[in-house]
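First the structure, in the form of structure tokens, and then the observations on it.
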Amino acid sequence: MQYQQNDYFERLTRLHSLKLQQADRAKISPNSLMYMVLKAEADAISQELKSLQN
């Protein structure tokens, strides 16, 4: 069970990093809606990561 939780945490951490990178790239483009969506996804993943650390 602990292995599954660690694996889930690691996947979320990688996904969070990727979403932040995508958001940074989208910020350069004129499509601000894409940036807002990617940032919201990254924020939701961040909240899940924080809940797992408790």
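Details
- Count of the stretch 1-19 residues which are free of Cβ contacts under 8 Å to residues at least 12 places away in the same chain and either touching a Ser or Thr at 6+ places or on another chain (Cβ under 7 Å) or of a type in the set (Ser, Thr, Tyr) (or both): 2
- Any hit, the stretch 34-50, residues being more than 14 Å from the chain's Cα centre (by Cα) and not β-branched (Val, Ile, Thr): yes
- Residue in the stretch 32-49 that is at pLDDT below 90, surrounded by fewer than 17 Cβ atoms within 10 Å (Cβ to Cβ) and not in a helix (DSSP H, G or I) present: no
The values are calculated or read from the model by the stated rules, or taken from the named source; none is laboratory data. Remember, it's a predicted structure, so these values are computed and weren't measured experimentally. Note that each Cβ is placed from the backbone with ideal geometry, even for glycine, and that neighbours are counted across all protein chains shown.
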